[in-house]
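Since the structure comes first, as structure tokens, the remarks are kept for the end.
The values are calculated or read from the model by the stated rules, or taken from the named source; none is laboratory data. Predicted, not measured: the structure shown is a model, and the values here were computed from it. Glycine gets a Cβ as well: all are built from the backbone with ideal geometry, and neighbour counts include every protein chain shown. For the accessible areas, the whole protein counts, side chains as well, though only heavy atoms, and no ligand, DNA or RNA atoms are used. Shrake-Rupley method; radii C 1.70, N 1.55, O 1.52, S 1.80 Å.
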Amino acid sequence: MPQEQYTHRSTMQTSEGPQVYKVGIYGWRKRCLYFFVLLLMILILVNLAMTIWILKVMNFTIDGMGNLRITEKGLKLEGDSEFLKPLYAKEIRSRPGNPLYFQSARNVTVNILNEKTKVLTRLVTGPQAVEAHSQKFEVKTLSGKLLFSADDNEVVVGAERLRVLGAEGTVFPKSIETPNVRADPFKELRLESPTRALVMEAPKGIEINAEAGSLKATCRTELKLESKDGEITLNSAKIKLPNLPQGSSSSAGSRQKIYELCVCPNGRLFLSQAGSSSTCQINTSVCL
């Protein structure tokens, strides 16, 4: 029986011929595959177009991007640049012949740090003031000459002339030491102390000179000229003391207008009508 069945199956396969089985994706699966491939190609093209557009807008080149250029000496920025975070650089300079601008909405701060990141020098430029924090502040010329220096001990002005253009002049709460005080040409020089005394001292003398004008000294109480080891010289063609007191006349009917300058023991000066001899002793009542 099994042999007959085997013979029958072999006869059927031989009579019908060999069967062929097809391999592949057909129907809706094939259409979905083509759709995804087409979508992927579209995305690739859009991505490539966006990349080219970004490169074009940002101005990407072999040397850098945008206003930034990479050179042998470092980075080069052309045009305005904005930094949102701190900038660390060894040297910042502008293009030759062009100025360098630092612009900020609030202030610009420049710090000098040491190895331990401790601030040694700070320069702050703000809307209200410019502040410099350091142990010493110096201003020099291109040749290296000191113009201005300030530290905890003293302030030095190294210029040949110090000019103060304020309308109210210069106020010194304490003493001032200088070899020469003078005004600009055709301008008057005034030394004034509104509420205190004005004292001028020099170890080798004081010279007050007005080449093309008059000299005037006024005070509320006393004007004192003192020389400890030398003398006081008033060298002029005319010396006038208009408000000196006069002593009583020795003779009631005398009309002469020649007077003698007398000095009291306390140093007070007065005028006494001149006579054939000194009349100062007669008018000693002025010294009382």
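Below, the figures for the structure above:
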quantity: Criterion (modelled with pLDDT of 75 or more and either more than 30 Å from Phe102 (Cβ to Cβ) or loosely packed, with under 10 Cβ neighbours inside 10 Å (or both)) met by exactly one of Tyr21, Tyr6, Tyr34; calculated: Tyr34
quantity: Qualifying position, being over 30 Å from Arg106 (Cβ atoms) and modelled with pLDDT under 75, among Ile52, Ile70, Ile42; calculated: Ile70
quantity: Some residue of region 202-213 being polar (S, T, N, Q), open to solvent by 100 Å² or more (accessible area, probe 1.4 Å) and under 39 Å from the mean Cα position of the chain (by Cα); calculated: no
quantity: Close pairs from region 83-111: first farther than 22 Å from His133 by Cβ, partner assigned to a loop (DSSP other than H, G, I, E, B) and of a type in the set (A, V, I, L, M, F, W, C), Cβ under 6 Å, at least 6 apart; calculated: Ser94/Leu100
quantity: Among (1) open to solvent by less than 100 Å² (accessible area, probe 1.4 Å); (2) of a type in the set (A, V, I, L, M); (3) within 24 Å of the chain's Cα centre (by Cα) - the single one Leu189 does not satisfy; calculated: (3)
quantity: Filtered residue count, region 120-130, keeping only those that are part of a strand (DSSP E or B) and surrounded by 11 or more Cβ atoms within 10 Å (Cβ to Cβ); calculated: 6
quantity: Count of residues meeting criterion [within 23 Å of Tyr88 (Cα to Cα) and either open to solvent by 60 Å² or more (accessible area, probe 1.4 Å) or among the acidic types (Asp, Glu) (or both)] in region 133-153; calculated: 1
quantity: Condition met for Lys85 (open to solvent by 90 Å² or more (accessible area, probe 1.4 Å) and more than 30 Å from Ser149 (Cα to Cα)); calculated: yes
quantity: Tally, over region 269-281, of residues that are farther than 10 Å from Gln246 by Cα and surrounded by 13 or more Cβ atoms within 10 Å (Cβ to Cβ); calculated: 4
quantity: Yes/no for Val110 being modelled with pLDDT of 80 or more, aliphatic (A, V, I, L, M), within 27 Å of Thr125 (Cα to Cα) and surrounded by 10 or more Cβ atoms within 10 Å (Cβ to Cβ); calculated: yes
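To keep it simple, each residue is scored yes or no on (1) of a type in the set (Gly, Ala, Ser); (2) open to solvent by 100 Å² or more (accessible area, probe 1.4 Å); (3) modelled with pLDDT under 90; (4) in contact with a His (Cβ under 6 Å, 6 or more places away or on another chain).
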residue: Arg161; (1), (2), (3), (4): no, yes, yes, no
residue: Val164; (1), (2), (3), (4): no, no, yes, no
residue: Ala167; (1), (2), (3), (4): yes, yes, yes, no
residue: Val171; (1), (2), (3), (4): no, yes, yes, no
